[in-house]
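The values are calculated or read from the model by the stated rules, or taken from the named source; none is laboratory data. Treat the numbers as computed from the prediction; the structure is a model and nothing was measured. We place every Cβ from the backbone using ideal geometry, glycine too, and count neighbours over all the protein chains shown. Areas reflect the complete protein model, heavy atoms only, side chains present, ligands, DNA and RNA absent. Shrake-Rupley method; radii C 1.70, N 1.55, O 1.52, S 1.80 Å.
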Amino acid sequence: MLNAYFCKKTFISNPPYILQTPIAYIKGVGPQRAEMLQKELNIFTYNDMLQHFPLRHIDKTKVAFINEITPATDYIQVAGVLMNLEVVGENRAKRLVGEIRDKTGVLEVAWFQGITWVQKALEAGKVYLVFGKVSFFMGKPQIVHPELELWVPAKKDGQDVLEPVYPSTEKLKSRSLGGRQLSKLSQAIFAQLKPADIPENIPENILQQLKLENRFLAYKHAHFPPDTTAYNNAIRRLKFEEFFLAQVRLNLLKLDRHRYSKGVVFEKVGGLFNEFYNNYLPFELTGAQKRVLKEIRQDTARGKQMNRLLQGDVGSGKTMVALLSMLIALDNGYQACLMAPTEILTKQHYETISKQLEGLPVKVGLLTGSTKSRARRETLAQLADGEIHILIGTHAIIEQAVVFKNLGLAIVDEQHRFGVEQRAKMWKKAAVPPHVLVMTATPIPRTLAMTAYGDLDYSIIDELPPGRKTITTVHRYENDRSRVMDFLKAEIGLGRQVYIIFPLIEESDKMDYENLMRGYETVKGYFPEPKYWISMVHGKQPAEQKETNMRRFVENDTQIMVSTTVIEVGVNVPNASVMVIESAEKFGLSQLHQLRGRVGRGSEKSYCVLLTGQKLGNDARERIKIMTSTNNGFEIAEKDLDLRGPGDIDGTRQSGVLNFKLANIVNDKPILDTARKFAVQLLEEDSLLEKEENRVLKQFLQSQKGKTLWSKIS
Ligand code: ADP
Ligand code: MG
């Protein structure tokens, strides 16, 4: 257990220094409480405790009077005598109540959990310092589960005045390891530490230029600041450190890749590409598509491995860029593959691309989980001897059994559905790793992209093909349903098709399925057979059934598609003109935008209807407002980042580089920008970290080898 843990975590100094000491060694902790700390807070070692930063600090000199409490009061600290402590109520209503009295009034305190323990620990008649969030109960102020400690007047010399309060849990509170009590641990640790135990990792000249505190002091002051200014300085330093190290690592990876990686060389743009471009291309490429192709062309010609992220809003025409890039690979005697996240999308790619290439001497193969074993054997054989030039498939492509003759380019569509490891397997498919192009329709704000994907090269298609009509998006409440359904009837009457999407939060959630089924019945009520036909698709269906239902909709056998978000990604039915999203308040912005992108693909005017309940939370209201006011994916992504923070943006969750402890990409953007600037500059001047002044940084990075910070792909 301990070993596995050691491999996984970051240490702030080299092993085997003091910071790796198990927390149980602190006086008064012992094995039992140590185990609880591990379970509840993931704190195993001294280091973990130091990384467990205080939530806030209590200024012990700031004690309010009880009569200052108003309904507007949030957290407060008072001091008073504890009185009338007693257990009241029974069973679930059982609670421990008491009163705190100072010379101005009475404050009620109450506990619903850990009653026995709390009662034992407290003593009526003594003066306590009480801290907590004030609420009003029957017109009287009270604090539920307050933090209490015996009152000791603050020292006058300013020391120890700001006391840390740590994140904790109810369980730990019941074992005397509440938010304030945890400070005893960090105190005990600091008593044993010397500055050398938390060695500096940022070059001195940067510290000086930015007036940043040294590392030991920063840690110390983050936990035990002498005053607010010291605290703020400490936090600024630690946030900078987080961003700076992440940026250095990413840029080192990128430099490494550019320096050492060998790539297949696509020397020329040859016959296939030119023939297709001149005689087969069904439309003029947009400027953005041309630009991205040029970037890919340059990347693949210089003998380095390309590792490129291509972002383009839904419908921006990424598939054509993929196809043209694959033709370049073919022209140079290499095979190419295109991997998509779902069976449906894979088949659609297969069909579109096969049709577009009809007449050219290119053999396209298909491989998915449901490819029958005979066809599969044949495909694998043709792949191995080079008969198949382009392979289109699902995850099935990366299975070990799939061997290419000479794979030169691997394209991954809608990358956020693929795990990092799966993508890494792509690399191993050829002696010289193939060029990799990752395409995503989830627009990632630039800030985030630079931070999360800083090691990748990066292209954007920021232009939609001409003639696209904007999708009109409206918000309707539940009680407008029948009018919405009438509108659908009118559209279907004009020969169009419609989507009705239900939320499915958890694939396994029974409630959600019941909702979907009920929704399906309701829709059927409005749209009876045989005038109307409905397809239903959801994740629990067998692949075959899903396939049939989807196909019927694609072929316009059914006019209505009732579905969960399984159709979210990539599916193309240009005749569909209305997207109805049920319980739209339950969806995140990027998901709503993805769903909306299913319509507006044909020549007809398209609509997106966001159906919601009457009552909406503030965030939901904001999301709906954004959706009805813009169609621009990048704008939406920026807003999404503002609303939710980086942790929730699709596709970034797995990316460890965004898991900062203190820093926040949105709120601390200025620090991030500075950190990036300094990291880039440092590596420009000293890309191998050979200069003496950068030794501290190099040593630190070397001590962190175990930490997986491999690139998104490599
Ligand atoms: P996405 O970027 O979402 O994968 P697609 O590649 O599926 O988008 O393209 C969406 C639609 O736009 C397709 O029907 C495609 O044929 C069409 N398309 C792509 N590029 C152009 C272009 N330059 N001009 C006109 N239509 C285009
Ligand atoms: Mg696509």
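Assuming charge only on the beta carbon of Lys and Arg (+1) and of Asp and Glu (-1), the dipole of the range 472-630 about its Cα centre is about 440 debye to the nearest 20. Projected onto the charge dipole of the chain (+1 at Lys/Arg Cβ, -1 at Asp/Glu Cβ, origin at the Cα centre), which of 176, 571, 608 gives the Cα projection farthest towards the positive end? Farthest towards the positive end: 176. Along its first, second and third principal axes, ordered by size, the chain spans 92, 70, 43 Å in Cα coordinates. Each stretch of four or more DSSP H residues adds -39500 (n - 2.57); spread over every residue of the chain, this sum gives -12000 deg cm²/dmol at 222 nm.
Starting from the Cα of residue 540, draw a straight line to each of the aspartates and glutamates and keep only those under 17 Å, dropping any in the same chain fewer than 8 residues away. Hits, sequence-local ones excluded: 343, 506, 507, 509, 512, 514, 568. Sorting 260, 532 on solvent-accessible area from highest to lowest, probe radius 1.4 Å, gives 260, 532. What is the Cα centroid distance between the range 61-125 and the range 26-48, reported in whole angstrom? Comparing the Cα centres of the range 61-125 and the range 26-48, I get a distance of 29 Å. Label-to-label distance, residue 265 versus residue 150, with points set 7 angstrom from Cα along the beta-carbon direction: 8.1 nm.
In percent, rounded to a whole number, the relative contact order of the chain is 13, using alpha-carbon pairs under 8 Å and six or more apart. Each Lys or Arg adds one and each Asp or Glu takes one away; over the other residues whose Cβ falls under 11 Å from the Cβ of residue 493, this sums to +1. Once a ≥ b ≥ c are taken as the square roots of the eigenvalues of the Cα gyration tensor of the range 472-630, is the result rounded (a/c under 1.5), prolate (a/b larger than b/c) or oblate (a/b not larger than b/c)? Here the range 472-630 falls in the rounded category.
Summing Cβ point charges (Lys, Arg +1; Asp, Glu -1) relative to the Cα centre of the chain gives a dipole of roughly 680 debye.
Could you tell me which of 504, 688, 209 has its Cα farthest along the dipole of the chain towards the positive end, charges placed at Cβ (Lys, Arg +1; Asp, Glu -1), taken about the Cα centre? In the chain, that residue is 688.
Solvent-accessible surface of the chain, averaged per residue with a 1.4 angstrom probe and all protein chains in place: 46 square angstrom. Measuring nothing but protein heavy atoms, the accessible surface of the chain at 1.4 Å probe radius is 51 percent carbon and sulfur. Pairs with C-alpha atoms separated by more than 31 Å, drawn from the list 62/220; 294/661; 133/171; 220/698, are 294/661. Seen through its C-alpha gyration tensor, with square-root eigenvalues sorted a ≥ b ≥ c, the range 319-384 comes out oblate because a/c lies at 1.5 or above while a/b is not bigger than b/c.
What pairs from 489/615; 347/372; 524/546 go past 21 Å between their alpha carbons? Result: 489/615 exceed 21 Å. The distance separating the Cα centre of the range 325-344 from that of the range 186-229 comes to 52 Å.
Simple point charges give the picture: +1 on the Cβ of Lys and Arg, -1 on the Cβ of Asp and Glu, and for the range 75-153 a dipole about the Cα centre of about 140 debye. Among the listed pairs 39/239; 363/405; 254/425, those with a Cα-Cα distance over 22 Å are 39/239. Partners of residue 268 within straight-line reach, counting aspartates and glutamates whose Cα lies under 13 Å from its Cα and excluding those fewer than 8 residues away in the same chain: 299, 331. Paramagnetic label reach from residue 103 (point 7 Å along Cα→Cβ; backbone nitrogen cut-off under 16 Å): within the range 44-71, residues 63-68.
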